[in-house]
Amino acid sequence: MKLHRRHRRGIADSSASSDIAFLLIIYFIAIAGFNVNKGFLINLPARDSTRLILKDDLLRFELDSAGLLLYQGAPTDLASAEQTIRGTVAAHPNLAVILTIDGNAPWQNLVSFVELAQKLKVESFSFTQKKGEGGSP
């Protein structure tokens, strides 16, 4: 008696190979690490949290329309601002830095100051636009 053997189909004949390839592509996409630019990482307080800041714990800077950084009304540069913030943090651990910005100030100066605050790990940082000033919001 002669037995009938089944003929195996080649991998090119079945649709299983395309399914496996598709699943492998999805698997590698899922486990791949994506490089995402996160910008400035600023921790925002929770909605229902209240934090009292004493007047002595406020450190105010100002950025005028020419891009000049002012501290207590006197012009200063980023290096001096860094020393001022470092010295004040030592005396006041709950320091809050406030930057008041003229609407016409160059954006790069604002970005540089925010980077400085991020570098110094200032936990409470705020910036506001001067009232009554022009410029873009």
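Every number here is computed from the coordinates shown, using simple stated rules; none is lab data. For clarity, every value in this text was computed on a predicted model and none was experimentally measured. FYI the Cβ positions are ideal-geometry reconstructions off the backbone, even for glycines, and counts take in every protein chain you see.
What is the sum of charges around Leu95, taking Lys and Arg as +1, Asp and Glu as -1, for the other residues whose C-beta is under 9 Å from the C-beta of Leu95?
-2
Starting with the fewest neighbours, write out Thr128, Thr88 ranked by other beta-carbon atoms found within 10 Å of each beta-carbon.
Ranked by crowding around the Cβ, least crowded first: Thr128, Thr88.
Based on the Cβ-Cβ distance of Glu82 and Asn104, what FRET efficiency does E = 1/(1 + (r/R0)^6) give at R0 = 22 Å, to the nearest 0.05?
The formula returns an efficiency of 0.30 here.
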